[in-house]
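Beneath this line is the structure, given in structure tokens, with notes to follow.
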Amino acid sequence: MAKVRKAVFPAAGLGTRFLPATKAQPKEMLPLVDKPLIQYGVEEAMQSGVRNILIVTGRGKTAIEDHFDVSFELEHLLETRHKKDLLATVRAVSDMIDVSYVRQKEALGLGHAVLRARELVGEEPFAVVLSDDVIDAEVPCLRQLLDVYEFYNAPVVALMEVPDESISAYGVVDAEPVAHNGGRDRLYRIRNMVEKPKASEAPSRLAIIGRYVLTPEIFSSLEAIGPGSGGEIQLTDGLKHVLRCRPIYGYKFEGKRYDAGDKLGFLKATVEFALKRFDLGQEFRQYLKTLPI
Ligand code: UTP
């Protein structure tokens, strides 16, 4: 079984839910406390043992590239001002990873963005990380999926239970539970999936969220399908096509996910991440307590 070495980060969406902040910068660069969203995703990939990062960019490409690049001027300035801690923080980002970029010229959908990474991925399994889904977990969510992949040698998607009123915003699976490694109840074998169903037509309340481990068949499937929901090439439709020739698993990951591409989700993540910070948490908690809410 081939090891997963690469993670694709689609970051070329229009981010319309976060306008006007996303007019001139990608939402993946919005800072959660003091780190851009995409850095949380990259750190999760690294902590999961995946070091080769492929970012699919659109507008605002330079902001993402600059973030992961070495900034000689900034480093020099911090050095001359003896700001050692900040210098270490800045260097840690550029030392962190081996990144490649590919461009999606038009935002034709998540499936289309993944297809743009085909040449860089080649014929090997790979992860997909949507960095606007920020996941706080003891074991990184991607690592949880990789454990399932390494056991079954099959594609795996992250699943989460979602209430009726929001189910139509997700890809939703029809799936049966699988007893896994002594009967853990988080693993499912997927029978079918549907992108953004009406609540009355959703096959379950189990939604796919932004972590995937995929095998290279997904590329020919994405090429074979046409535009789906919203006129976009949907990754869910590509996965549904893959289901014709091989099993796909879903794993109800352990941890808390924030939809940071949405204003309310972003605010929740900001408050909770700030409260957890050793350098800010205590003062921030005290401040929140003074608010008349
Ligand atoms: P979203 O569904 O959140 O879409 O994309 P969006 O366009 O970014 O944001 P809204 O809904 O208009 O506010 C999920 C992920 O897929 C990427 C996005 O960058 C995000 O990481 N994506 C989406 C692409 O890279 N290309 C696309 O054509 C669409």
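Every read-out reported here was derived from the displayed coordinates using simple, explicitly stated rules and does not represent laboratory data. Since the model is a prediction, treat every value here as computed from it, not as a measurement. Neighbour counts run over all protein chains shown; Cβ positions are idealised from the backbone, glycine included.
Points to keep in mind about this one:
- Share of pairwise Cα separations in the stretch 249-293, more than 15 Å, in percent: 57 percent
- Descending semi-axes in whole angstrom, ellipsoid equivalent of the stretch 168-293, from the Cα gyration tensor: 36, 19, 14
- Counting only DSSP beta bridges with both residues in the chain, the antiparallel share comes to about 60 percent.
- Straight-distance crosslink candidates among aspartates and glutamates, where the alpha carbon sits under 16 Å from Lys240 and sequence neighbours closer than 8 are dropped: Asp174, Glu176, Glu195, Glu217, Glu223, Glu232
- Cα gyration tensor shape of the stretch 190-254, rounded if a/c is under 1.5, else prolate or oblate by comparing a/b with b/c: oblate
- The stretch 1-102: Rg to Rh, with Rh as the Kirkwood radius over Cα pairs: 1.00
- Long-range amide H partners of Ile55 with built H, under 5 Å: Phe9, Ser100, Tyr101, Val102
- Selection of GluC sites (Glu not before Pro), the stretch 101-155, meeting DSSP coil and at most 10 other Cβ within 10 Å: Glu106, Glu123, Glu138
- By the rule of a C-alpha distance below 13 Å, with chain neighbours fewer than 8 residues away ignored, the aspartates and glutamates paired with Lys198 are Asp164, Glu165.
- Compared with the dominant principal axis of the Cα atoms in the chain, helix 84-96 is inclined by about 30°.
- In order through the stretch 5-22: 3J(HN,Hα) via Karplus (6.51 cos²θ - 1.76 cosθ + 1.60), integer Hz, x for Gly, Pro: 10, 10, 10, 9, 10, x, 9, 10, x, 7, x, 5, 5, 10, 6, x, 4, 9
- As a calculated quantity, the FRET efficiency between Glu124 and Arg189 at R0 = 25 Å, using C-beta atoms, amounts to about 0.60.
- Taking label points 7 Å from Cα along the Cα-to-Cβ direction, Ser220 and Glu65 give a separation of 3.4 nm.
- Whole-number percent relative contact order across the chain, with pairs defined as alpha carbons under 8 Å at least 6 apart: 22 percent
- Residues Tyr101 and Glu150, FRET efficiency given R0 of 35 Å [Cβ-Cβ distance, rounded to 0.05]: 0.80
- Entries of Lys6/Lys196; Lys35/Lys276; Lys268/Lys289; Lys23/Lys105 with Cα pairs more than 18 Å apart: Lys6/Lys196
- Checking every one of the chymotrypsin sites (Phe, Trp or Tyr not before Pro) in the stretch 1-110 against DSSP loop status and a limit of 14 other Cβ atoms within 10 Å picks out no site at all.
- With the simple model of a label 7 Å out from the Cα in the direction of the Cβ, Glu75 to Arg17 spans 3.7 nm.
- Tensor-based shape of the stretch 1-41 (alpha-carbon gyration tensor, a/c under 1.5 rounded, otherwise prolate or oblate): oblate
- Against the empirical curve 2.2 N^0.38 Å, the C-alpha radius of gyration of the chain lands at a ratio of 1.02.
- Modelled spin-label separation between Ser229 and Ala199, with each label point placed 7 Å from Cα along the Cα-to-Cβ direction: 1.5 nm.
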